[in-house]
Amino acid sequence: IPVGQLTADEAALELKHLSTLIAEYDRAYYEFDSPFVDDATYDKLRIRNKEIESRFPLLILPESPSYRVGSRPAKGFSKVLHRFPMLSLDNAFDEEDVREFVARVRRFLGLGEEESIELMASPKIDGLSCSLVYIDGQLKTAATRGDGETGEDITQNVKTIADLPHSIDNPLDKVLEIRGEVYLTHQDFQLLNQQREKAEEPLLANPRNAAAGSLRQLDPQITASRPLKFFAYSLTIDDNPSYFKTNEESLKKLAGWGFSVVPPFKSCDLDKLLAYHADLEKKRSGSELDFDIDGVVYKINRSDWQDRLGFVARAPRWAIAYKFPAEQAQTTLRQIVIQV
Ligand code: NAD
């Protein structure tokens, strides 16, 4: 039934059903790294849920998926309380949504049309979000996002990843938090599946779930046998949160310390930023990239504007993820039995 034609009773019933279904899908995806449905199907449920909620705000459930992030930490792992919440990102599904995002930012900050807004566009890596805490320059704790407040302690597993520095020279402060995405390259994913085929083990469905399953192992030796990689996308300094004036400056620092950072595209021109999305989508379909991406993340570059914009529900107001349409190949691959 179109949302506009729902009665309040029908809406209440459907919101309850969607909340339960999305929670089930979240558990399969985040806790067991083994999704029941493809991302496009999942995203449609969330959109429908949001549309019903906007029409019937009084019916929003306390357990609504619009206010939840990820899923609770799985049993077996020690828990890590995040120093500040690890949230999600709001999604844009077409150019109009991105234009509306910029218009919202302009309204919120009270900026006139003549004032330009600089955005950083970077590929949205389709991996597993991870938080790394460095104390006195040494990697001390690594955690998954979990439910956004509490994550799983994966410190020993992360220490087996060769692609990230275990110590940092000249850290800017006693405590630093670096967040990023753990992923597997296409080549490593294929090699892993070839080895599993030979060993007559079930094949892994796709690089994202293979990376998540490899990292979230209770035995770090299994993680060590998987060639996981890490892209960093944020750096927070505990006692000096306004140290970096822009997102760009913090990424340069991360790269200087030896973290892999995908070079972002910076511009004030929305048409150029949208062309970057179109170009990346072609590259991704043409297999020019050796890792999976599922969209482009646009972030406001100025840190003081990010601070003023803050957060709403489960996402920052200063960023948006413009997703790519789901790829056919992923659906086919997901039909393979998954067991990590
Ligand atoms: P998300 O993956 O859409 O976006 C937030 C995450 O993007 C952040 O946590 C961050 O780790 C990551 N990210 C990647 N590149 C980044 C960059 N350059 N800058 C900043 N962040 C970057 O968030 P989510 O809440 O985990 O997402 C839900 C997505 O996962 C949905 O879009 C859905 O497609 C998929 N999902 C699918 C199922 C399923 O059953 N198929 C279930 C749950 C979620």
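Here, each number is a calculation from the coordinates, and none is a lab measurement. Worth saying up front: this structure is predicted, and the values here are computed from it rather than measured. Counting neighbours? That spans all protein chains shown, and the Cβs are built from the backbone with ideal geometry, glycine included.
Measuring between their Cα centroids, the range 93-169 and the range 299-314 lie 12 Å from each other. Equivalent-ellipsoid semi-axes for the range 119-185 (Cα gyration tensor, √(5λ), whole Å, largest first): 19, 16, 13. Going by neighbour counts of Cβ atoms within 10 Å, the residues Glu14, Glu201 line up, fewest first, as Glu201, Glu14.
Mean-square fluctuation check for the chain, GNM, Cα pairs under 10 Å: which of Pro316, Pro202, Pro220 is largest? Fluctuation is largest for Pro202. With R₀ set to 56 Å, the beta-carbon distance separating Asp304 from Glu201 gives a calculated FRET efficiency near 0.65. Sorted from greatest to least, the principal axis extents spanned by the alpha carbons of the range 184-312 come out as 54, 38, 31 Å. Using a cutoff of 8 angstrom between alpha carbon atoms and counting only pairs six or more residues apart, the relative contact order for the chain works out to 23 percent.
The GNM of the chain, with springs linking C-alpha atoms under 10 angstrom apart, assigns the highest mean-square fluctuation among Glu152, Glu115, Glu181 to Glu115.
Within the straight-line cut-off of under 28 Å between alpha carbons, the lysines reachable from Lys266 are Lys124, Lys229, Lys245, Lys252, Lys253, Lys282, Lys283, Lys299, Lys323, sequence neighbours fewer than 8 places apart in one chain being disregarded.
Between Val3, Tyr30, Leu13, the Cα set farthest toward the positive side of the dipole of the range 3-67 (charges on each charged residue's Cβ, about the Cα centre) is that of Val3.
Using Cβ point charges alone (K and R +1, D and E -1), the dipole size of the chain about the Cα centre works out to roughly 500 debye.
For the range 1-118, the Cα gyration tensor yields ellipsoid semi-axes of 28, 23, 14 Å (square root of five times each eigenvalue, largest first, whole Å). Across the range 1-109, the mean sequence separation of Cα contacts (distance under 8 Å, 6 or more residues apart), normalised by length, yields a relative contact order of 28 percent.
Please work out the FRET efficiency for the pair Lys283 and Ser116, using the Cβ-Cβ distance as r and a Förster radius of 30 Å; give the result to the nearest 0.05. That gives a FRET efficiency of 0.65.
Rounded if a/c is under 1.5, else prolate if a/b beats b/c, else oblate: with a ≥ b ≥ c from the C-alpha gyration tensor eigenvalues square-rooted, which is the chain? It is rounded, given that a/c, with a ≥ b ≥ c, falls under 1.5. A Förster distance of 35 Å, applied to the separation of the beta-carbon atoms of Asp9 and Lys75, puts the FRET efficiency at 0.40. Across every direction, the projection of the convex hull enclosing the Cα atoms of the range 3-67 has a mean area of 4.3 nm².
Provide the net charge surrounding Leu18, with neighbours chosen by a C-beta distance below 13 Å and charges set as Lys +1, Arg +1, Asp -1, Glu -1.
Local net charge: -2.
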